[in-house]
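Engineer: Handing you this structure, nothing more for now.
Any read-out appearing in this document is the output of simple, stated calculations on the displayed coordinates, not a laboratory observation. This structure is a prediction, so every number in the text was calculated from the model and none was measured. Cβ placement follows ideal geometry from the backbone for every residue including glycine, while neighbour counts extend to all protein chains displayed.
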Amino acid sequence: MKHKTAIKPTRVVRINKSKPDLDAINEAARLLRAGELVAFPTETVYGLGANGLNATAIGKIFRAKNRPPDNPLILHVGYKKDIDRYGRDISTAAKKLIRAFWPGPLTVIVMKRKKIPAIVTGGLDTVAVRMPDNKIALSLIRKAGVPVAAPSANVSGKPSPTKAAHVYNDMYGKIELILDGGKTEVGIESTIVDCSVSPPVVLRPGKISRRQIERVIGIVDIYLYNNQSVHIKPKSPGTKYRHYAPDAELVLVEGEPPAIKETIDALIRQYQVQKKRIGILGFFPGHDYTIRKNESHVNLGLHAHTVSRHLFAALRSFDEQGVDMILVEGFPSGGHAIMNRLRKAASEIIIAHS
Ligand code: AMP
Ligand code: MG
């Protein structure tokens, strides 16, 4: 006999991002307080929210995303002063960063207070906190009256969602509600600064750059992730640290623009012989590639903010088209946060030489 597991449909409610509809906010806040999951837009990417003080609700986030339990979550708060409610021993550096960049795409890590369940922080004695710069997110968090733990609303390992349809694809049947507030502006996740150590350390690059941070608090360290350095061997085994990754294989080609072009041209010929369907993600004007009819070439240009905004949607669109191989041009200097995401998404990184 066949067993039918009833999937609970996920509701999607459109909501105006300049003047969020109060009924929708009230309903979403009620669900959060009741220990349910609600996806909502922030200025960076869509978040998958749960009551940050309710360990059972947080457990649902890890299950819905299939997220490893040792990967801690960011608590989203409605006011700057909330840092003292959930963190303690807040350093001067943390206070200065909050004053300069909140609400905004910057997360600070501080010592945690006891009331934060261990499941939020992966058992660490520190907690990550951010105040998002998005009216829908802020009204929801304030209305819920609790800190909202919210990782990106994608299945673990996939590109982060920058529109409600991405969340729907990954989370249908697993969560109660998606607030659809349109496309997110920044497009990549927040900059994370560990302020529980001195000097502070940038753990994840984002829109707010090291230079902007150092203007406010002086010298900081940069944490170099595995798989982030360009000095890794050309073929990276990948899987263990793969993140932000589309279903298709992603080959990232770094180097000087002419060498990138030459290498991608050669790869296109090679994959076409193997009957693989290709998608190309490029940035340089004038780089034209010879591709077949059912293949696509997206050129996002050289402006880091525009590229960030469209990066994850572009990766997801290649999967929607059924592409086998995505060839990506290395983004030139100044695109530290972009290259961080691309290197983690890559199944292979090639350093091109002419
Ligand atoms: P996401 O929610 O998907 O944007 O991921 C949150 C990121 O914040 C992960 O990379 C975590 O490793 C990082 N994070 C959260 N809390 C901490 C913490 N207490 N210490 C270090 N990193 C953290
Ligand atoms: Mg994430």
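Engineer: Can you give the angle from 0 to 90° between the axis of helix 257-273 and the longest principal axis of the chain, with both taken from C-alpha atoms, to the nearest 10?
Structural biologist: 80 degrees
Engineer: Still on this model: Hey, fewest Cβ within 10 Å first, where do S160, S354 land in order?
Structural biologist: S354, S160
Engineer: Hey, another quick one. What FRET efficiency, computed as 1/(1 + (r/R0)^6) with R0 = 25 Å and r the Cβ-Cβ distance, is obtained for R215 and N66, rounded to the nearest 0.05?
Structural biologist: Result of the calculation: an efficiency of 0.05.
Engineer: If you don't mind, another one. Quick one: work out the % antiparallel among DSSP beta bridges in the chain, nearest 5.
Structural biologist: Around 35 percent antiparallel, to the nearest 5.
Engineer: Relative contact order (percent) for region 1-62, with alpha-carbon contacts under 8 angstrom and 6 or more residues of separation?
Structural biologist: Relative CO of region 1-62 lands at 20 percent.
Engineer: So how much slack lies between V155 and H305, counting 0.36 nm per residue of separation and subtracting their Cα-Cα distance, in nm?
Structural biologist: So the chain would gain 51.5 nm between V155 and H305.
Engineer: Relative contact order for the chain: what is it in percent, counting Cα pairs under 8 Å that are at least 6 residues apart?
Structural biologist: 19 percent
Engineer: How are the C-alpha pair distances of the chain spread across 20 Å bins, as whole percents from the shortest bin up?
Structural biologist: Pairs per bin, as whole percents: 30, 56, 14, 0.
Engineer: Take D21, project a point 7 Å from its Cα along the Cβ direction, then tell me which residues of region 180-197 have their backbone nitrogen under 15 Å from it.
Structural biologist: 180-182
Engineer: Within region 1-93, which chymotrypsin sites (Phe, Trp or Tyr not before Pro) sit in a loop by DSSP and count at most 14 neighbouring Cβ atoms inside 10 Å?
Structural biologist: Passing both the DSSP loop test and the Cβ count: Y79.
Engineer: How big is the gap, in Å, between the Cα center of region 277-342 and the Cα center of region 90-147?
Structural biologist: For region 277-342 versus region 90-147, the Cα centre distance is 32 Å.
Engineer: So for the pair D265, R14, with labels modelled 7 Å out along Cα→Cβ, what separation do we get in nm?
Structural biologist: Simple spin-label model gives 4.6 nm for this pair.
Engineer: OK, next. Connecting C-alpha atoms closer than 10 Å in a GNM of the chain, tell me which of I222, I326, I58 has the biggest fluctuation.
Structural biologist: The residue with the greatest mean-square fluctuation here is I222.
Engineer: Sorting R211, R30, R204, R130 on the 10 Å Cβ count, fewest up front, what's the list?
Structural biologist: Final ranking by Cβ density, sparse to dense: R211, R30, R204, R130.
Engineer: How big, in percent, is the set of alpha carbon pairs in region 1-133 lying more than 27 Å apart?
Structural biologist: Above the 27 Å cut-off, region 1-133 has 25 percent of its Cα pairs.
Engineer: Based on other C-beta atoms within 10 Å, arrange T44, T10, T263, T184 from fewest to most.
Structural biologist: In increasing order of surrounding Cβ atoms, one gets T10, T263, T184, T44.
Engineer: Figure the gain on full extension for I7 and L203 (residue separation times 0.36 nm, minus the Cα-Cα span) and round it to one decimal in nm.
Structural biologist: Between I7 and L203, full extension yields 66.8 nm more.
Engineer: With N residues in region 275-327, what two-decimal value do you get for its Cα radius of gyration over 2.2 N^0.38 Å?
Structural biologist: 1.12
Engineer: If you don't mind, there's one more thing I want to ask. Summing -39500 (n - 2.57) over the DSSP H runs of n ≥ 4 in the chain and dividing by its residue number, what mean residue ellipticity at 222 nm do you reach, to the nearest 500 deg cm²/dmol?
Structural biologist: Roughly -9000 deg cm²/dmol at 222 nm, from the helical runs in the chain.
Engineer: Report the extension gain between L124 and E256 in nm, rounded to one decimal, defined as 0.36 nm multiplied by the number of residues separating them, less their alpha carbon distance.
Structural biologist: The L124-E256 span can extend by a further 43.4 nm.
Engineer: Using the crude model of +1 on Lys and Arg Cβ and -1 on Asp and Glu Cβ, and no other charge, please compute the dipole size for the chain relative to its Cα centre, in debye to 20.
Structural biologist: 1080 debye
Engineer: First measure r as the distance between the Cβ atoms of K81 and T56, then evaluate 1/(1 + (r/R0)^6) with R0 = 35 Å and state the FRET efficiency to the nearest 0.05.
Structural biologist: Result of the calculation: an efficiency of 0.80.
Engineer: At q = 0.14, 0.18, 0.21 Å⁻¹, what is the base-10 log of I(q)/I(0) for region 143-220 according to the Debye formula with one equal point scatterer per Cα and no solvent? Please give it to two decimals.
Structural biologist: The computed values of log10 I(q)/I(0) come out as -0.64, -0.89, -1.01.
Engineer: Still on this model: Suppose R0 equals 41 Å; then what is the FRET efficiency for R33 and K275 from their Cβ-Cβ distance, rounded to the nearest 0.05?
Structural biologist: 0.15
Engineer: Then there is this: Relative contact order for region 1-141: what is it in percent, counting Cα pairs under 8 Å that are at least 6 residues apart?
Structural biologist: The value is 29 percent.
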